[in-house]
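A short write-up of the structure that comes next.
The values are calculated or read from the model by the stated rules, or taken from the named source; none is laboratory data. All figures in this text were calculated on a predicted structure; none of them were measured in a lab. Please note: Cβ atoms are built from the backbone with ideal geometry, for glycine as well, and neighbour counts cover all protein chains shown.
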């Protein structure tokens, strides 16, 4: 790696670092509002800003042009540094170990929502807000924010960062410039957050809880300010409001952008969105039937908690109202399907994403047709457009990497002595950025019992899942570092 490439990376990372310190300052303001001692947090944030500001000033005359390789290195470096930066205030104000703090911070920024805290309600308000803020920043993707900032410095190179964070699915630009697309996406993201907070406040939450849960909902993160998550509030209205906002946050934000930019609903008529909604409704009704015919609950109670639970798992949010692990084997099987699916590409949700399953199953269908008719020319079409062989290969590779990564993490946990359900579901929960799993990591449990090594491995598995595998695994390729 030459000195020019290093300067590119450090200058971009310093911009993200300064932006992060400004967002972290809002957590300090929250602490002051609630009369908490924010001196240590303020010192840390000042050092963070000064350090990144110094790097930026030293490189201010450097003309930055970030290549694809530079973007990939930058993305990986940023997500590690985010985990460290978010961990330090947690250590300062809760006294947890560095491994615990890094796990909690990475869980926040990757919008996984897995926590090591056993008594969330005892945490300072500033820390509760910080956890939700990490979700909110990570939800749309700190890199999308970076594209907006980076393009102010280098208007020609910002597409490299989009390609670095989201691999395998072609990104459609609504506006001619990526910078404008990124800014408008953030505008919609902020709008949804404000609307969700207002709705939750109207439904009975106080302002602090409403803002924090809006941050966690729109980011599909799952951190709550309460030990019992949304079950604490005992409000069907809050549950349905949150269900609605989780579902729209699991839809490709470019569909929302198209609606706001052109007034057209075309984005919601795409195959991925239609299949996503169909999967959501079918799985929710299946889970409702379990609740009605097994637990003999009322239809409204069953529908309320089942639609919420499937929305929470499908969008990889991870909120809970009840301990669904107690609903029986069929219910667990239904929820497992939701864990495997995920939301839309271009949404804040994690997981495999619906579009990749569409590509996979259509590819399988075409191969079957070719088997029956060897001379036939059969292509894969989605939304009326032919899908290139490159996207098919990339999608297949992604799913294989998803399976292999989960297999490795599962084998590690099983080898450590955990039961099969804990090992499998915890792997899916972390790699898929879902949060709660089953058995020892169920919705009523937490991750505090894992060893420091376990937590570090699970932390990196969250990052690998958040960056969608290729971006991380490319770093281990010898050819990647040649002629950098």
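Some notes on this structure:
- Region 389-412, subset more than 26 Å from residue 454 (Cβ to Cβ) and touching a residue at least 60 places away in the same chain (Cβ under 8 Å), residue farthest from the chain's Cα centre (by Cα): 391
- Any pair with Cβ under 8 angstrom, 6 or more apart, that starts in region 366-384 at a residue that is in contact (Cβ under 8 Å) with a residue 24 or more places away in the chain and ends at one that is surrounded by 10 or more Cβ atoms within 10 Å (Cβ to Cβ) and assigned to a loop (DSSP other than H, G, I, E, B): 383/270
- In region 271-317, of all residues being at pLDDT 90 or above and part of a loop (DSSP other than H, G, I, E, B), the one that is surrounded by the fewest Cβ atoms within 10 Å (Cβ to Cβ) corresponds to 316.
- Qualifying residue in region 57-74 (condition: at pLDDT 95 or above, surrounded by fewer than 18 Cβ atoms within 10 Å (Cβ to Cβ), over 22 Å from residue 108 (Cα atoms) and in contact with a helix residue (DSSP H, G or I) (Cβ under 9 Å, 6 or more places away or on another chain)): no
- From 443, 436, residue being outside any helix (DSSP H, G or I) and either over 16 Å from residue 339 (Cβ atoms) or under 17 Å from the mean Cα position of the chain (by Cα) (or both): 436
- Hey, residue 260 within 21 Å of the chain's Cα centre (by Cα) and either surrounded by 19 or more Cβ atoms within 10 Å (Cβ to Cβ) or at pLDDT below 95 (or both) or not: no
- Unique residue being in contact (Cβ under 8 Å) with a residue 12 or more places away in the chain, assigned to a helix (DSSP H, G or I) and under 29 Å from residue 476 (Cα atoms) when the list is 21, 74: 74
- Qualifying residues in region 328-347 (those that are over 22 Å from residue 400 (Cα atoms) and in contact with a helix residue (DSSP H, G or I) (Cβ under 6 Å, 6 or more places away or on another chain)) - the one surrounded by the most Cβ atoms within 10 Å (Cβ to Cβ): 334
- Identification of helices (runs of 4 or more DSSP H) wholly contained in region 130-208 with 3 or more residues that are modelled with pLDDT under 55 yields 142-153, 159-165.
- Top-ranked residue of region 29-38 - restricted to ones that are in a helix (DSSP H, G or I) and either at pLDDT below 95 or crowded, with 20+ Cβ neighbours inside 10 Å (or both), ranked as farthest from the chain's Cα centre (by Cα): 31
- Selected residue [in a helix (DSSP H, G or I) and loosely packed, with under 14 Cβ neighbours inside 10 Å] from 427, 479, 459: 479
- Single residue of 384, 346, 397, 415 found to be more than 30 Å from residue 286 (Cα to Cα) and either touching a strand residue (DSSP E or B) at 6+ places or on another chain (Cβ under 8 Å) or modelled with pLDDT under 85 (or both): 384
- Selection of region 360-380 for residues being within 14 Å of residue 395 (Cα to Cα) and modelled with pLDDT of 85 or more yields 360, 361, 362, 363, 364.
- Residue check for residue 49: without any contact (Cβ under 8 Å) to a residue 40 or more places away in the chain, buried (at least 18 other Cβ atoms within 10 Å of the Cβ) and either part of a helix (DSSP H, G or I) or within 22 Å of the chain's Cα centre (by Cα) (or both): yes
- From the options 111, 118, residue that is crowded, with 18+ Cβ neighbours inside 10 Å, in a loop (DSSP other than H, G, I, E, B), at pLDDT below 95 and out of contact with any strand residue (DSSP E or B) (no Cβ under 6 Å at 6 or more places or on another chain): 111
- Hits in region 1-18 - residues which are surrounded by 14 or more Cβ atoms within 10 Å (Cβ to Cβ) and not in a helix (DSSP H, G or I): none
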